[in-house]
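Accompanying notes for the structure given below.
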Amino acid sequence: MQKLFIVLCLSVLTLGLCGCGSAQSSDTAADKEQKMAAFQRVSSDEAAKMMAAESGYLILDVRTPAEFAGGHIPNAINVPNESIQTTPPKELPDKAQRIFVYCRSGARSQQAAQKLANMGYTNIVEMGGIKDWHGDVVK
């Protein structure tokens, strides 16, 4: 009986120690992506609804100047993704201001949004590409 008690105590102790040391994260891939991203991703239609309901935001087109000249969302400013590095762009002085970011298809806007988030911008909305935009376009 005493041996059974000792084995039982050792088993409980071993399980307790293993349980403490082997905690695993239950984050899904989407959770990890969102934590890394630190910006909000929405469709262009959702972005249009947000813009209609808000004011004081910026629309940031991160395509090349030639692409921008070929057509852009009204009131957008152009800061090419390639020019966004580690120093905050002078065109974006307020790191807390809502900034809607787009490109042609969504790849560069995600890159730019991540770079801005890494610099401390806290209100970034990545809205994909102008190819999916159903609103007005200035040409």
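The values are calculated or read from the model by the stated rules, or taken from the named source; none is laboratory data. Being a predicted model, the structure only gives us computed values, none of them experimental. Neighbour counts are summed over all protein chains in view; Cβ atoms, including those assigned to glycine, are modelled from backbone coordinates with ideal geometry. Side chains are part of the model used for accessible areas, which takes the heavy atoms of the whole protein and leaves out ligands, DNA and RNA. Shrake-Rupley method; radii C 1.70, N 1.55, O 1.52, S 1.80 Å.
Taking residue 82, is it farther than 21 Å from residue 134 by Cα, charged (D, E, K, R) and either part of a helix (DSSP H, G or I) or touching a residue at least 40 places away in the same chain (Cβ under 8 Å) (or both)?
On the way: farther than 21 Å from residue 134 by Cα: yes; charged (D, E, K, R): yes; either part of a helix (DSSP H, G or I) or touching a residue at least 40 places away in the same chain (Cβ under 8 Å) (or both): yes.
Yes: the conditions hold for residue 82.
Being among the hydrophobic types (A, V, I, L, M, F, W, C), within 14 Å of residue 126 (Cβ to Cβ) and either modelled with pLDDT under 95 or part of a loop (DSSP other than H, G, I, E, B) (or both): is that true of residue 36 here?
Working: among the hydrophobic types (A, V, I, L, M, F, W, C): yes; within 14 Å of residue 126 (Cβ to Cβ): yes; either modelled with pLDDT under 95 or part of a loop (DSSP other than H, G, I, E, B) (or both): yes.
For residue 36, the condition - among the hydrophobic types (A, V, I, L, M, F, W, C), within 14 Å of residue 126 (Cβ to Cβ) and either modelled with pLDDT under 95 or part of a loop (DSSP other than H, G, I, E, B) (or both) - is met.
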Close pairs (7 angstrom Cβ cut-off, 6 or more residues apart or separate chains): closer than 12 Å to residue 71 by Cα and polar (S, T, N, Q) in the range 115-138, surrounded by 15 or more Cβ atoms within 10 Å (Cβ to Cβ) and modelled with pLDDT of 95 or more anywhere: none
Odd one out for residue 59, checked against (1) outside any strand (DSSP E or B); (2) touching a Phe, Trp or Tyr at 6+ places or on another chain (Cβ under 8 Å); (3) free of Cβ contacts under 8 Å to residues at least 60 places away in the same chain: (1)
Please specify each residue of the range 92-128 satisfying the condition of being over 11 Å from the mean Cα position of the chain (by Cα), basic (Lys, Arg) and closer than 11 Å to residue 39 by Cα. 98
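How many residues are assigned to a loop (DSSP other than H, G, I, E, B) and open to solvent by less than 70 Å² (accessible area, probe 1.4 Å) if we restrict to the range 92-139? If you could, list the steps in order and put the result at the bottom.
First, the residues of the range 92-139 that are assigned to a loop (DSSP other than H, G, I, E, B): 92-98, 104-106, 119-123, 133-137, 139.
Checking the rest, the ones that are also open to solvent by less than 70 Å² (accessible area, probe 1.4 Å) come to 92, 96-98, 105-106, 119-121, 123, 133, 135, 137.
Looking only at that region, the number is 13.
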Hey, among the residues in the range 50-91 that are acidic (Asp, Glu) and open to solvent by 50 Å² or more (accessible area, probe 1.4 Å), which one's nearest to the chain's Cα centre (by Cα)? 82
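Within the range 85-95, can one find any residue that is over 17 Å from residue 41 (Cα atoms) and in contact with a strand residue (DSSP E or B) (Cβ under 8 Å, 6 or more places away or on another chain)? Break it down into steps so the answer makes sense when it comes.
First pass over the range 85-95, keeping only residues over 17 Å from residue 41 (Cα atoms): 85-95.
Now restrict to residues that are in contact with a strand residue (DSSP E or B) (Cβ under 8 Å, 6 or more places away or on another chain): 91-92.
Checking the range 85-95: at least one residue is over 17 Å from residue 41 (Cα atoms) and in contact with a strand residue (DSSP E or B) (Cβ under 8 Å, 6 or more places away or on another chain).
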With the checklist (1) in a helix (DSSP H, G or I); (2) modelled with pLDDT under 95; (3) of a type outside the set (Phe, Trp, Tyr) in hand, flag the one item residue 26 doesn't pass. (1)
